[in-house]
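Encoded as structure tokens, the structure appears first; notes follow it.
The values are calculated or read from the model by the stated rules, or taken from the named source; none is laboratory data. Every value quoted in this text rests on a predicted model; they were computed, and no experiment measured them. Glycine gets a Cβ as well: all are built from the backbone with ideal geometry, and neighbour counts include every protein chain shown.
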Amino acid sequence: MKKQEVSVLFVCMGNICRSPAGEGMLKHLSFKDSSLKVDVASCGIGDWHIGQAPDPRIQEAAKCRGIVLTSHARQFQHSFFDEFDYILAVDQEVLKHLYQQAKNPEHKGKVCLVTAFSSTYENQGIPDPYYQPDGAFEVVLDMLEDSCQGLLRHIRNESKK
């Protein structure tokens with residue numbers, strides 16, 4: 001049986017908290033599914049953290065769940081609309097920015113909120129934990145885990161069609 005190949009891009013503001021955590025979470029969860037080959041990446045809409053590793057607080061929270069975050073911040077490029085099957089925004093502000101950048105219906109059709117696939121947090125924005133207490137990073141990971149599990153179910157269901 002051929003593996004279903006899908007590419008997913010997580011997008012947040014600066015690419016040091018929510019989107020690298022989404023990238024790490026989806027890699028972690030999809031690694032366990034031998035029927036899927038999921039290429040995952042992340043980026044931010046802003047350029048102020050380019051080259052930086054994820055925030056140490058999100059790295060520590062992810063590590064407690066067995067997830068290692070290895071990406072480095074980069075900025076969203078228009079070419080990503082052609083490179084990825086799913087472009088997942090963490091909140092309404094990022095979603096609006098991506099829709100404005102999308103130049104055609106095909107590109108817009110790839111963009112949605114990460115939580116569009118969540119069974120618990122459907123279509124909610126994932127709060128930015130950067131200026132919040134440490135517990136906020138756990139909330140982000142909870143939301144991402146539920147959303148990524150839903151995304152994987154969606155991908156498996158789409159591959160059966």
Is there any pair with a first residue in region 56-69 that is touching a residue at least 60 places away in the same chain (Cβ under 8 Å) and of a type in the set (Lys, Arg) and a second that is exposed (fewer than 14 other Cβ atoms within 10 Å of the Cβ) and part of a loop (DSSP other than H, G, I, E, B) whose Cβ atoms are under 9 Å apart and which are 6 or more apart or on different chains, and what are they? 57/134
Can you find a residue in region 98-111 that is under 15 Å from residue 22 (Cα atoms), out of contact with any Leu (no Cβ under 9 Å at 6 or more places or on another chain) and not polar (S, T, N, Q)? no
Got at least one residue in region 8-26 being surrounded by fewer than 18 Cβ atoms within 10 Å (Cβ to Cβ) and either assigned to a loop (DSSP other than H, G, I, E, B) or modelled with pLDDT of 95 or more (or both)? no
Residue check: is residue 45 under 25 Å from residue 134 (Cα atoms), at pLDDT 95 or above and not basic (Lys, Arg)? yes
Counting only residues that are among the β-branched types (Val, Ile, Thr) and within 12 Å of the chain's Cα centre (by Cα), which one in region 119-161 is surrounded by the most Cβ atoms within 10 Å (Cβ to Cβ)? 126
Where a residue in region 132-161 is modelled with pLDDT of 95 or more and its partner, wherever it lies, is β-branched (Val, Ile, Thr), with Cβ under 6 Å and at least six apart: 137/58; 140/126; 143/126; 146/120; 147/114; 147/115
Please specify each residue of region 72-108 satisfying the condition of being more than 16 Å from residue 141 (Cα to Cα) and either in contact with a Pro (Cβ under 9 Å, 6 or more places away or on another chain) or in a loop (DSSP other than H, G, I, E, B) (or both). 72, 73, 74, 76, 77, 78, 79, 84, 85, 102, 103, 104
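Checking the condition in a loop (DSSP other than H, G, I, E, B) and either of a type in the set (Gly, Ala, Ser) or modelled with pLDDT of 95 or more (or both), which residue from 53, 62 passes? Full working, then the answer.
Details: 62 fails: in a loop (DSSP other than H, G, I, E, B).
Sole residue among the options that is in a loop (DSSP other than H, G, I, E, B) and either of a type in the set (Gly, Ala, Ser) or modelled with pLDDT of 95 or more (or both): 53.
Could you pull out the residue among 102, 116 that is over 15 Å from the mean Cα position of the chain (by Cα) and either surrounded by 16 or more Cβ atoms within 10 Å (Cβ to Cβ) or of a type in the set (Asp, Glu) (or both)? Spell out how you get there, then give the answer.
Numbers: 116 fails: over 15 Å from the mean Cα position of the chain (by Cα).
Being over 15 Å from the mean Cα position of the chain (by Cα) and either surrounded by 16 or more Cβ atoms within 10 Å (Cβ to Cβ) or of a type in the set (Asp, Glu) (or both) holds for just one of 102, 116, which is 102.
Can you pull out the residues in region 92-110 that are over 21 Å from residue 27 (Cβ atoms) and either touching a residue at least 60 places away in the same chain (Cβ under 8 Å) or hydrophobic (A, V, I, L, M, F, W, C) (or both)? Write out each step before concluding.
Here is the first cut: in region 92-110, the residues over 21 Å from residue 27 (Cβ atoms) are 92-93, 95-109.
Scanning region 92-110 gives 93, 95, 98, 102.
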Quick check on region 65-97: of everything there that is of a type in the set (Val, Ile, Thr) and surrounded by 14 or more Cβ atoms within 10 Å (Cβ to Cβ), which residue is farthest from residue 44 (Cα to Cα)? 67
Could you tell me whether residue 19 is polar (S, T, N, Q) and either more than 14 Å from residue 128 (Cα to Cα) or free of Cβ contacts under 8 Å to residues at least 12 places away in the same chain (or both)? no
In region 27-64, residue surrounded by the most Cβ atoms within 10 Å (Cβ to Cβ) [restricted to those that are more than 16 Å from the chain's Cα centre (by Cα) and hydroxyl-bearing (Ser, Thr, Tyr)]: 35
